[in-house]
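Every read-out reported here was derived from the displayed coordinates using simple, explicitly stated rules and does not represent laboratory data. From a predicted model like this one, the values you see are computed outputs, not experimental measurements. Methodologically, a virtual Cβ is constructed for each residue, glycine included, from the backbone with ideal geometry; neighbour enumeration extends over all protein chains shown.
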Amino acid sequence: MLSQRILTSIFLVPLALWGLLLLDGTPFALFCGLIATLAAWEWADLSGISSQGRLVYAASFAIGAGLWWSSHWSLESLLWLAGFFWPVALFWVMTYPQLSRHWYGRKRRLLMGYAVLLPCWAGLILLHHQAGLAWLLYLLLLVWIADIAAYFSGRRYGKAKLAPYVSPGKSWAGVWGALVATSLLAWLAVPAMDLNAHQGMALWLITALTTAASVLGDLLESMLKRYRGLKDSSRLLPGHGGILDRIDSLTAAAPIFMLLYTLSSL
């Protein structure tokens, strides 16, 4: 298992760096779209769809994203979709399993997949094109630091469970650890980004809310996997599970960060 994880990482890390650092415009949108389409194929499984149906769903996602891009429809509208969807997702996670009837139908879960993955795709593109590569890297670093800090602080201090019916391993200590670590990241970014005091406060607030969103993205996927009795979203990445297992936090963090960035003074 360890050797599989290492070999997969050796392949994935250069590929991710190539896509993030060297691509721009339509190629970057296609790169992000490919990742999101593979995640859509996995989401169809979380929705209880057969193998053939998963391909149809993934194809429908790719076509929808392509039409959105080529028709020059407002990608910002997808950010507002995320702004509406994720508070609802928080309610679902907090009330699982008592109110799972609100979303357990296959069609509803398939629609949920569009609401999760399309705004994530749009958020990454807008962040890269409008805010710039530095802010995209900041977001990715934020999500990575939050995940690591939550893991270690949760292991050390985690007694009060965050969502025991959804993900028994996650604790409130993990959330607080993630918030402390990403707050430190924001503090370090203020001089690096040459931000004034007002912008620094805005960045801290955006960072805190995005950190919370990243935790929610993780929990939502965990809830669907638990409902379906799955350990991983797929086996596309040997030793690492599936695409969704790697980007679950980013699905919420990317559109929420970009939406808040758009509304802020940054």
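Amide H of residue 163 versus every other amide H placed in the peptide plane: which residues, excluding those fewer than 5 positions away on the same chain, fall under 5 Å?
Here 170 satisfy the definition.
For residue 170, go through the lysines and keep the ones whose alpha-carbon is under 18 Å away, minus same-chain ones fewer than eight residues off.
Leaving aside lysines fewer than 8 places away in the same chain, those within reach of residue 170 are 159, 161, 225, 231.
How far apart, in nanometres, would the label points at residue 101 and residue 205 be if each is projected 7 angstrom from Cα along the Cα-to-Cβ direction?
Spacing of the two 7 Å Cα→Cβ label points: 4.0 nm.
For the chain, with only Lys/Arg (+1) and Asp/Glu (-1) charged at the beta-carbon, what is the dipole magnitude about the Cα centre, in debye rounded to 20?
Dipole magnitude for the chain comes out near 1100 debye.
Run the numbers on the chain and let me know its relative contact order in percent, using alpha-carbon pairs under 8 Å that are six or more apart.
25 percent
What percentages, rounded to whole numbers, describe P(r) for region 106-217 computed over all alpha carbon pairs with 5 Å bin width beginning at zero?
For region 106-217, the binned pair fractions read 2, 11, 17, 19, 17, 15, 11, 5, 1, 0 percent.
Show me 133-144, 153-164 ranked by packing, highest mean number of other Cβ atoms within 10 Å first.
Packing proxy ranking, top to bottom: 133-144, 153-164.
I'd like the distance separating the alpha-carbon centroids of region 110-142 and region 159-230, in whole Å.
With region 110-142 and region 159-230 each reduced to a Cα centre, they are spaced 16 Å.
Between 16, 253, 181, which gets the highest mean-square fluctuation from a Gaussian network model of the chain, Cα cutoff 10 Å?
Looking only at 16, 253, 181, the largest GNM fluctuation is found for 16.
Based on the mean of other Cβ atoms within 10 Å per residue, sort peptides 202-208, 104-110, 88-94 so the most packed one is first.
Highest-to-lowest ranking by the protection proxy: 202-208, 88-94, 104-110.
Let me know the Rg and Dmax you get for the chain when you use only its Cα atoms, in Å.
Rg, Dmax (Cα atoms, Å): 17.9, 54.
In whole Å, largest first, what are the principal axis extents of the Cα atoms in region 24-117?
Sorted largest first, the three principal extents are 44, 32, 18 Å.
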